[in-house]
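Below you'll find the structure, written out as structure tokens, and then a few comments.
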Amino acid sequence: DVGAALALVLKERGWQGDPFAMVTISLARKNGQDRSNGFRDAMKDAGITREAGLRQMQTYSSEETAGFVKDILVKAPDVRSIFVETDQPTMGALQALKGDRKQVLVGSFDAMPEVAELLKTGPLVAVGMQQPYLMGVKAAEALLASLRGQLPPKQIMVPILVATKKNIIQLMPTA
């Protein structure tokens, strides 16, 4: 859904022919694969198919991601959007984009308060937000069910909220 929201803004600006890049969490992890594949699928569904680069985080730091973004922009100067798969590194990506000669839009996943605040001004346009409170409630319910001798579900899905500048104020209390 983050990819769909980012693709919508790209299309509104007439940038659907320009490439995108990704800075991912470990692709050895299932959630890394899911985030990457989901983003790619959304871009493909929107007709945005030119992927210009992928860098996989090792340290998950803002400094590492800033370096990745600078490298991506040197190797693919026509990139118009970047998906960063976790919040603190998003700050590094945004720092690397400051002063860039053209606008590059960013979509990310996880939303610490600072990242969410940046949605209001751009270039961050969409953030997938987990719901830690609801995750805790569901985990506690599963624990209580287990203590009562019931078998809790093997997998409990908690919806991801997709925040944009239009809905961030309403979503932050829930997230």
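Among the conditions (1) surrounded by 16 or more Cβ atoms within 10 Å (Cβ to Cβ); (2) more than 20 Å from Gly92 (Cβ to Cβ), the only one that Ser36 does not satisfy is (2). Of the numbered criteria (1) small (Gly, Ala, Ser); (2) open to solvent by less than 10 Å² (accessible area, probe 1.4 Å); (3) on the phi > 0 side of the Ramachandran plot, the one Gly47 fails is (2). Against the definition (touching a helix residue (DSSP H, G or I) at 6+ places or on another chain (Cβ under 9 Å) and in contact (Cβ under 8 Å) with a residue 60 or more places away in the chain), how does Leu10 come out, yes or no? Here the answer is yes, as Leu10 does meet what is asked.
If you go through segment 125-175 and keep only what is under 30 Å from Ala7 (Cβ atoms), among the aliphatic types (A, V, I, L, M) and assigned to a helix (DSSP H, G or I), you end up with Leu134, Met135, Ile168, Ile169, Leu171.
So is Ile168 at pLDDT 90 or above and under 25 Å from Gln88 (Cα atoms) or not? Spelling it out, it is not the case that Ile168 is at pLDDT 90 or above and under 25 Å from Gln88 (Cα atoms). Assess whether Val162 counts as being open to solvent by less than 30 Å² (accessible area, probe 1.4 Å) and either modelled with pLDDT under 95 or hydrophobic (A, V, I, L, M, F, W, C) (or both). Against the criterion (open to solvent by less than 30 Å² (accessible area, probe 1.4 Å) and either modelled with pLDDT under 95 or hydrophobic (A, V, I, L, M, F, W, C) (or both)), Val162 does not qualify. Taking the condition acidic (Asp, Glu), open to solvent by 50 Å² or more (accessible area, probe 1.4 Å) and touching a helix residue (DSSP H, G or I) at 6+ places or on another chain (Cβ under 8 Å), does Glu63 pass? Yes: the conditions hold for Glu63. Whenever a residue of segment 151-162 is touching a residue at least 24 places away in the same chain (Cβ under 8 Å), its partners that are hydroxyl-bearing (Ser, Thr, Tyr) and in a loop (DSSP other than H, G, I, E, B), lying with C-beta atoms within less than 7 angstrom and at least six residues away or across chains, give the pairs Leu161/Thr174.
When segment 83-122 is limited to residues that are farther than 17 Å from Val162 by Cβ and part of a loop (DSSP other than H, G, I, E, B), the one that is most open to solvent (accessible area, probe 1.4 Å) turns out to be Arg101.
Scan segment 129-147 and tell me whether some residue there is open to solvent by less than 10 Å² (accessible area, probe 1.4 Å) and in contact (Cβ under 8 Å) with a residue 12 or more places away in the chain. Among the residues of segment 129-147, at least one is open to solvent by less than 10 Å² (accessible area, probe 1.4 Å) and in contact (Cβ under 8 Å) with a residue 12 or more places away in the chain, which makes the answer yes. Among the residues of segment 2-26, the one identified as among the polar types (S, T, N, Q) and under 13 Å from Lys44 (Cβ atoms) is Gln16. Phe20 meets the conditions (1) at pLDDT 95 or above; (2) open to solvent by 20 Å² or more (accessible area, probe 1.4 Å); (3) not acidic (Asp, Glu) in every case but one. The failed one is (2).
The values are calculated or read from the model by the stated rules, or taken from the named source; none is laboratory data. Computed from a predicted model, the values in this text were never measured in an experiment. Because the Cβ atoms are built from the backbone with ideal geometry, glycine has one as well, and the counts that use them run over all protein chains shown. Surface areas here come from the heavy atoms of the whole protein model, side chains and all, with no ligands, DNA or RNA. Shrake-Rupley method; radii C 1.70, N 1.55, O 1.52, S 1.80 Å.
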